[in-house]
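The structure appears right after this line, and notes come after that.
The values are calculated or read from the model by the stated rules, or taken from the named source; none is laboratory data. If you're wondering where the values come from, they're calculated on a predicted model, not measured in any experiment. Note: ideal-geometry Cβ built from the backbone for every residue, glycine included; neighbour counts use all protein chains shown. Accessible surface areas use protein heavy atoms only, side chains included; no ligands, DNA or RNA. Shrake-Rupley method; radii C 1.70, N 1.55, O 1.52, S 1.80 Å.
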Amino acid sequence: MNAGMIELFLRRIAGFVLVLFVLSLIIFVLARVVPGDPARIALGPRATQEQVDAMRISMGLDEPLIGQYFTYIGKVLHGDLGESLLSHKPVRDDLATFLPATLELVLATVILVFAVSIPLGVLTARYRNGWIDHLGRFFSLVGVTMPGFLFAVLLQLFVARFVPGWPILGRMDYNLAPPTGPTGLYLIDSIVHGRPDVFLAALKYLTLPTLALALASIGQITRITRSAMIENQRKDHVLTLRSFGVPTRVIVFRYLLKLSSIAPLTILGLEFASLIGNAFVVEMVFSWGGFASYGLSAIMQKDLNAVMAVVLVSGCFFVVANLVIDVILTLLDPRLRLREAR
Amino acid sequence: MSVEDISIVEATDAPALTARYMTWYRFSRNPAAIIGTIIVVSVVLIAIFAPLLATYPKHVGAVVDFRARHLPPDALHWFGTDKAGRDIFTRVLFGFRVSLLLVVGVLGISVPIGVTLGLLAGYFKGPVERFISGFTNVMLAIPPLVMALAVGNVLEPNLVNAMLAITVLWWTWHARLVYRVAKSVAVEDFIEAARLSGASHFHILTREILPNCISVISVKTTLDAAFVIMFGATLSFLGLGVQPPTPDLGSMIAESRQFLPEKWWEVLAPGMAIFYATLGFNLLGDGLRDMFDVET
């Protein structure tokens with residue numbers, strides 16, 4: 001880490017903060033110009049007009065829009081996301097309950113995507129136009145072409161038919177108590193508590209949603225890894241290595257793979273937004289009960305504070321993922337470091 | 001003098017002809033592109049002629065025939081019947097209509113907006129560029145489905161509002177793409193030449209830069225058609241798109257999901273129909289990309 005890199009990251013973080021700020025402004029304005037009075041929704045149809053008016057004042061809805069926004073942002077910066085208009089619980093507590101489930105699903109998906117698509121991309125590029133290449137391209141095409149919810153439903157259908165007893169709904173067996181652990185991720189908590197049976201059950205329940213969520217990204221990332229590998233094979237330094245008699249295996253894994261993982265990593269960062277979006281559908285199909293399911297019901301019931309929190313947290317997901325990817329990219333690609341140092 | 005004229009005409013015409021021919025040749029020798037074209041044309045024809053092709057045209061509406069409910073596929077009902085006894089084959093044909101209507105609506109609005117903003121940002125330097133590309137980057141950070149759900153729910157769920165919800169975010173990808181191409185074209189010498197000869201900004205944008213973006217736009221738009229079909233189906237699957245009894249492929253799947261795994265055909269038929277349409281547009285888009293040799 002030199003001064004140039006630190007400056008680069010600080011600039012990126014500043015840019016991302018700006019993104020979150022504008023995002024929150026857009027959603028805030030959108031949510032307030034909506035027909036339907038939030039105070040009326042919170043109190044229900046039987047409340048009198050006086051009660052609604054009192055509620056409006058206590059919620060700060062009588063202030064001008066821009067004042068409301070800055071009051072809200074000030075609270076958010078202090079970690080107060082407001083109260084859910086329907087459950088009357090702090091939105092922050094709701095998020096703490098639901099977020100770990102989604103985090104577990106998304107992390108498992110990212111791991112699976114890389115575990116499958118990088119090797120597949122390398123293989124399809126190495127044996128270009130061989131049977132494995134055609135197979136890989138076929139699967140990538142299906143992955144890109146098939147809507148997430150359709151794949152999820154079909155997966156459920158086939159597993160229910162051909163693998164009876166494999167869980168297709170929920171996160172955990174009814175007769176097994178979910179681990180009450182520090183992270184809320186069942187896989188990690190069950191290890192912390194030393195419960196291999198709970199770990200296996202959690203893994204089983206995690207399989208299908210993860211597969212369903214990963215499919216589209218696997219198709220995309222495999223395609224990009226393949227074309228990056230093929231393009232970089234023609235580079236001069238690779239030819240030089242080859243002419244020096246360096247074994248293909250060493251060239252592929254020590255030199256080509258590092259160079260060729262830059263493009264897929266960049267794309268994965270952009271894909272993250274659609275990954276979060278797809279999580280909404282996958283969680284609904286598999287009754288996963290995570291943050292996305294919470295967001296879906298908040299949106300359906302016009303629970304404004306909850307909707308704002310859901311959008312902000314989705315934005316944060318995206319921003320943090322892209323920051324992490326930026327760090328990895330600068331570590332992988334010396335050219336990025338040099339450009340900043342210059 | 002006249003001899004020279006002829007030779008000039010030949011010299012400029014011949015390469016243009018072969019270039020165009022070579023482009024077409026590349027496309028026509030690509031089996032995937034041809035299959036894609038056939039699928040897309042068939043989907044469009046089905047959507048147009050759905051009332052003539054349908055075996056039970058009345059089953060598009062709120063028809064209920066309880067004696068014929070949940071029938072498996074047979075000679076009378078090629079794809080079986082649904083929970084209200086309606087012919088699924090008929091409803092799938094009309095489902096294509098809704099999907100294509102959505103594609104035309106969304107892309108018809110968002111592509112011109114995105115292209116215009118991309119052109120402006122790529123051609124004008126300074127605050128215009130910074131503002132448009134900054135705004136585009138912010139919009140790209142919003143998960144499209146979350147935004148569409150928020151917009152779709154604020155308004156009443158129906159076809160037009162589903163279109164609006166998708167359009168709100170869709171232009172960003174076109175803006176980004178055209179911005180990239182326009183920015184690289186804007187520094188070329190022929191732009192400078194046009195400017196020196198007194199061409200207006202409007203002329204340069206529409207006559208000099210835009211033609212260079214057409215191939216990228218057409219590839220992206222074709223691939224987008226597939227995404228819009230998928231996205232629209234996802235919205236109506238979640239209950240925010242087209243409302244019953246209008247036959248929509250996404251809501252058909254949502255309605256039939258509870259009858260799985262016994263009544264598998266009720267999910268499989270609309271599911272495969274979506275897959276067929278998106279596959280067609282993807283193959284065609286990939287074929288066009290190879291033909292124009294561009295990156296999107």
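With a requirement of 1 or more residues that are within 25 Å of the chain's Cα centre (by Cα) and more than 10 Å from every other protein chain (Cβ to nearest Cβ), the helices (runs of 4 or more DSSP H) lying completely within the range B:187-296 that satisfy it span B:210-237, B:249-256, B:265-292. Number of residues in the range B:130-146 that are more than 7 Å from every other protein chain (Cβ to nearest Cβ) and in contact (Cβ under 8 Å) with a residue 40 or more places away in the chain equals 3. Here A:Met229 passes the criteria (1) part of a helix (DSSP H, G or I); (2) surrounded by fewer than 18 Cβ atoms within 10 Å (Cβ to Cβ); (3) not polar (S, T, N, Q) except the one numbered (2).
From the list A:Thr266, A:Thr240, the one residue that fits, being within 14 Å of chain B (Cβ to nearest Cβ), among the hydroxyl-bearing types (Ser, Thr, Tyr) and either surrounded by fewer than 18 Cβ atoms within 10 Å (Cβ to Cβ) or touching a residue at least 24 places away in the same chain (Cβ under 8 Å) (or both), is A:Thr266. Quickly run through the range B:27-61 and pick out the residues that are polar (S, T, N, Q) and at pLDDT 90 or above. Once the filter is applied, which keeps residues that are polar (S, T, N, Q) and at pLDDT 90 or above, the range B:27-61 yields B:Thr37, B:Ser42. State whether one or more residues within the range B:25-32 are within 14 Å of another protein chain (Cβ to nearest Cβ) and touching a residue at least 12 places away in the same chain (Cβ under 8 Å). Yes: one or more hits.
Please verify whether A:Met284 is within 11 Å of chain B (Cβ to nearest Cβ), surrounded by fewer than 16 Cβ atoms within 10 Å (Cβ to Cβ) and closer than 28 Å to A:Gly315 by Cβ, treating the condition exactly as stated. When the stated conditions are applied, A:Met284 does not pass them. Within the range B:154-183, residues that are of a type outside the set (S, T, N, Q) reach partners that are crowded, with 19+ Cβ neighbours inside 10 Å and not in a helix (DSSP H, G or I) with beta carbons closer than 6 Å, at six or more positions or on different chains, in the pairs B:Pro157/B:Leu240; B:Leu159/B:Val242; B:Ala162/B:Gly241.
I'd like the full set of residues that are hydrophobic (A, V, I, L, M, F, W, C) and at pLDDT 85 or above, limited to the range B:236-253.
Kept after step one, since they are hydrophobic (A, V, I, L, M, F, W, C), are these residues of the range B:236-253: B:237-238, B:240, B:242, B:249, B:252-253.
Result: B:Phe237, B:Leu249, B:Met252, B:Ile253.
A count restricted to the range B:151-166 and to residues that are open to solvent by 10 Å² or more (accessible area, probe 1.4 Å), assigned to a helix (DSSP H, G or I) and either over 25 Å from A:Ser297 (Cβ atoms) or facing another protein chain (nearest Cβ under 9 Å) (or both) stands at 3. In the range A:160-177, is there at least one residue being out of contact with any Cys (no Cβ under 9 Å at 6 or more places or on another chain), in a loop (DSSP other than H, G, I, E, B) and on the phi > 0 side of the Ramachandran plot? The answer is yes; a qualifying residue exists.
Tell me which residues, restricted to the range A:304-327, are open to solvent by 10 Å² or more (accessible area, probe 1.4 Å) and closer than 17 Å to A:Asp80 by Cβ. Hits for the range A:304-327 are A:Leu304, A:Asn305, A:Val307, A:Leu312, A:Val313, A:Cys316. State whether one or more residues within the range A:289-301 are open to solvent by less than 60 Å² (accessible area, probe 1.4 Å), away from chain B (no Cβ under 14 Å) and not in a loop (DSSP other than H, G, I, E, B). Checking the range A:289-301: not a single residue is open to solvent by less than 60 Å² (accessible area, probe 1.4 Å), away from chain B (no Cβ under 14 Å) and not in a loop (DSSP other than H, G, I, E, B).
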